[in-house]
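Visitor: The structure is given below, and queries will be raised subsequently.
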Amino acid sequence: MEFFGGILRFFQNGGIFMFPIAATAAFGIAVTVERWLYLKRTIAKNTALWQRVAPQLIDGNLDGADRSAQGSEAALAGLLRYGIGRIRQGWPRDDLQRSLDGSVADTISMVEKRTHYLSMLANVATLLGLLGTIMGLVHAFAAVGQVSAAEKAGLLSSSISEALNCTAFGLLVAIPLMVVHSFLQSRSSEIVDILDSASSKLLDAAAERSLSTGKVPGTAAPRAADESGAATLVPA
């Protein structure tokens, strides 16, 4: 009980700015829990799928990779289905690469969604703590001018000590938020690395498929003239 009583006194002595700092901490905790659960599920799904399809992509087995991706909710599955569909349509390598890069960018925006809030909240908590301390010092010096000289030293030291509680609380909130932000960023990079590897493997598979069919990547099919003299596409 004494421990909780000390925390309560610490909070009360910090002044009114302790409340917005506490609200910032609550919002940061909510974002942390939501992002951690999302990333945990997403990494597990993508890692499990990547372990199955990576050997298939290395062997150029696009049909097997497509079957493995069917029915999966992982972000990697959507990228694989998208890329394999474009390869089967005979897209040039440059167009395929731009398309895959766009798909990866869309997925990254979903993976990193709301994570940047933690960095912002850490800065807000620090600034609120400093603002609370400054306002507390302003009130302290104003109060010192209304007491006798014998009481000034004691009142000033007490007021400064109380005002610094706000800065301490702001830092206590900001430091964990910065650590969590870095941790979640590193977890997000795991998904990005898998998507980048899959995109690279798809491009390699597209190049091998083009060589096996005798097509040069990035070129259109040759044209031949029919009996009427009009140009028609020669089937691949």
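Bear in mind that the values in this text are calculations on the coordinates, not laboratory data. This is a predicted model, so every value here is computed, not measured.
Visitor: Under the Karplus relation 6.51 cos²θ - 1.76 cosθ + 1.60, θ = phi - 60°, what is the ordered set of whole-Hz ³J(HN,Hα) values for the range 156-171, x standing for Gly and Pro?
Guide: 5, 5, 5, 5, 5, 4, 5, 5, 5, 4, 5, 5, 4, 5, x, 5
Visitor: How big is the convex hull of the Cα atoms of the range 51-93, per residue, in Å³?
Guide: Numbers: hull volume 3.0 nm³, N = 43.
Spelled out: Cα convex hull of the range 51-93, divided by residues, is 70 Å³.
Visitor: Based on the alpha-carbon set only, what is the convex hull volume of the range 1-147 divided per residue, in Å³?
Guide: Numbers: hull volume 22.1 nm³, N = 147.
Enclosed volume per residue, from the Cα hull, is 151 Å³.
Visitor: Also, I was wondering about something else. Can you work out ³J(HN,Hα) from phi for every residue in the range 7-19, in order, using Karplus 6.51 cos²θ - 1.76 cosθ + 1.60 and θ = phi - 60°, giving whole Hz and x for Gly and Pro?
Guide: In residue order, the calculated couplings are 5, 5, 5, 4, 5, 5, 6, x, x, 5, 6, 5, 5 Hz.
Visitor: Now for a different question. Quick one: Cα centre-to-centre distance for the range 160-181 and the range 16-33, in angstrom?
Guide: 11
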